[in-house]
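Report on the following structure.
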Amino acid sequence: MTNFKTLSTAIAVAGIAVAGLSGPAMAQDHGFSYERTGPGQNNSRGAKLLEYFEFNYGVFHEGTKDEQNLFGATIDFKPELVKEGGFWLVLSDGPNPKGNMREYAIMYGDLENNRLSIFEYNGKNSSNSIKDPARELADISDVFNINHDTGVVDFEIDVTSINSLNFGNKWDGIAFDEKIGVWFHFGDDLKQKYKNGQLTKFELPHQGWVDFSYKHTDKVPPCELFPGGKGCDPTEVSEPGTLALIGMGLIGLAASRRRKA
């Protein structure tokens, strides 16, 4: 005779084992996404060059020595913008970025030269954070995937080192969570200059923009947003997966025994 009490206990133990191995790692991972469709604000031609954007942010192994922060974007511009255009972008976890110094990073996207320059944001509603060369945090070449026929631009960057800079308790770098604030300016006639490999001029004469604060984001499993994130390799979760299959097998065995009884 089958001891169903013992079998039920085994199933419960298997379930606890699965939860114990997979639970903490998942609890330390967070993913957030924000999407918007439609043109930018103001009446310049630049505003009409935007059709859609999606910003994604993922945190892996939060609070551990292996913590990883990833930011990604997909932006659907009109094709004419990506030829000689660009954008600058500041993100927050909700507040309007204006006036907040030593808190956020500003990204300068030079689509003509496929180059992303990142500076410490000076808190002003402009692109002039580059006026202070000491504010530069990173410079990345060939970062954008650009479809010149459709105008779609997408990129993904690891911002762990930027977000971990010791700029004070307020420093967020490039990040957002359940709420997002955005200053996103773009245009098709970018005037840019580099000196000694560093961005020194970034002007958008006919720019459009999308500026807002405290918008709600969608919570998404970070591995769906960033399959290459730490811990997203399926082989790394094979052991909990095996235990889950064992648990399911035990449940099926119990059901079979009950039917025979």
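I'd like the accessible area for Thr64, computed on protein heavy atoms only with a 1.4 Å probe and all protein chains in place. Round to 10 Å², please.
50 Å²
Please list, by residue number, every one of the chymotrypsin sites (Phe, Trp or Tyr not before Pro) in segment 22-122 that is coil in DSSP and has at most 15 other beta-carbon atoms within 10 Å.
none
So, in Å, what gap is there between the alpha-carbon centers of segment 24-81 and segment 135-155?
13 Å
Considering only protein heavy atoms, with the full assembly of protein chains and a 1.4 angstrom probe, order Lys191, Lys48, Lys170, Lys65 by accessible area, largest first.
Correct descending sequence by accessible area is Lys65, Lys170, Lys48, Lys191.
Can you give the accessible area of Asp149 in Å² (nearest 10), computed on protein heavy atoms with a 1.4 Å probe?
140 Å²
Set the bar at 27 Å for Cα to Cα. Now go through Lys48/Lys191; Lys170/Lys191; Lys98/Lys230; Lys83/Lys201; Lys131/Lys230; Lys78/Lys230 and name every pair that lies beyond it.
Lys170/Lys191; Lys98/Lys230; Lys131/Lys230; Lys78/Lys230
Relative to the compact-globule scaling 2.2 N^0.38 Å, provide the ratio for the alpha-carbon radius of gyration of segment 63-162.
Details: Rg = 14.3 Å, N = 100, 2.2 N^0.38 = 12.7 Å.
For segment 63-162, the normalised Cα radius of gyration comes out at 1.13.
What shape does segment 187-230 have by the C-alpha gyration tensor, where a ≥ b ≥ c are the square roots of the eigenvalues, rounded means a/c under 1.5, and otherwise prolate means a/b greater than b/c and oblate the rest?
Since a/c reaches 1.5 but b/c is at least a/b, the shape of segment 187-230 is classed as oblate.
Within segment 45-79, name every residue whose backbone N is under 15 Å away from a label modeled 7 Å from Cα of His148 along the Cβ vector.
79
When Lys and Arg each count +1 and Asp and Glu each count -1, what net charge do the other residues less than 12 Å away from Asn122, Cβ to Cβ, add up to?
+2
The values are calculated or read from the model by the stated rules, or taken from the named source; none is laboratory data. Everything numeric in this text was worked out from a predicted model, so none of it was measured. Every residue, glycine among them, receives a Cβ derived from its backbone with ideal geometry; neighbour counts consider all protein chains shown. Note: areas computed on protein heavy atoms with side chains; ligands, DNA, RNA excluded. Shrake-Rupley method; radii C 1.70, N 1.55, O 1.52, S 1.80 Å.
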